[in-house]
Amino acid sequence: MHVHRYERWWMALGLTMLGVFLTIITVAAVADNINPPGGMQQIDPTKVASTPPFDRPGLRHVAGNTYEAYYVAQVFSFTPASISVPLGSTVTFYVTSPDVVHGFFIANTAINMMVIPGWVNVQSHTFRQRGTYLLLCHEYCGLGHQNMFAKIEVQ
Ligand code: CUA
């Protein structure tokens, strides 16, 4: 079978690119330890309201300036709607949803999560500036999406 010269170059280029990309992915996974999220906590989305700790969403003081905040994101609100922590607090946010996919974004921080029914998502932040931080749903979740927000007071 005759393969045109340009066709051969094109196939060689494709195979070379495939090799380069596979090498980059392998190096990132092995050397840089960049992997898809693993070990995420699962939850039955139909039983969020009766599954601890989401049966009592809210702020928990762990020790010193360390807190845990458990949130339920549900059309079209976050529970708790407001929490207050002292300046310098490190808060670990746990969030889940009993209904649809929501977003969990705290303005002026690096907290940016998707809230997926059946899963508990987790991220931490240390609040080094006083003020009121806006927690927003940034995944379109229905007609009241734009009203879905909460507040975090840092005093
Ligand atoms: Cu919840 Cu948008």
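So LYS151 ticks every box in (1) within 11 Å of the ligand (Cβ to nearest atom); (2) open to solvent by 30 Å² or more (accessible area, probe 1.4 Å); (3) in contact (Cβ under 8 Å) with a residue 60 or more places away in the chain but one. Which box is left unticked?
(1)
Take THR79 and decide whether it is away from the ligand (no atom under 16 Å from the Cβ) and within 29 Å of PRO36 (Cα to Cα). Steps first, answer last, please.
Numbers: away from the ligand (no atom under 16 Å from the Cβ): no; within 29 Å of PRO36 (Cα to Cα): yes.
When the stated conditions are applied, THR79 does not pass them.
Please specify each residue of segment 123-135 satisfying the condition of being exposed (fewer than 15 other Cβ atoms within 10 Å of the Cβ) and in contact (Cβ under 8 Å) with a residue 40 or more places away in the chain.
Result: ARG128, GLN129, ARG130.
Pairs under 6 Å by beta carbon, first residue without any contact (Cβ under 8 Å) to a residue 40 or more places away in the chain in segment 94-113, partner of a type outside the set (A, V, I, L, M) and away from the ligand (no atom under 14 Å from the Cβ), six or more apart or different chains?
As it stands, the answer is THR109/HIS125; ILE111/GLN123; ILE111/HIS125; MET113/GLN123, since those pairs meet every condition given.
Filter segment 136-148 for residues that are touching a strand residue (DSSP E or B) at 6+ places or on another chain (Cβ under 6 Å) and without any contact (Cβ under 8 Å) to a residue 60 or more places away in the chain; which is most open to solvent (accessible area, probe 1.4 Å)?
HIS138
The values are calculated or read from the model by the stated rules, or taken from the named source; none is laboratory data. All of these numbers come straight from a predicted model, not from anything done at the bench. Note: ideal-geometry Cβ built from the backbone for every residue, glycine included; neighbour counts use all protein chains shown. The area values use the complete protein model at the heavy-atom level, side chains included, leaving out ligands, DNA and RNA. Shrake-Rupley method; radii C 1.70, N 1.55, O 1.52, S 1.80 Å.
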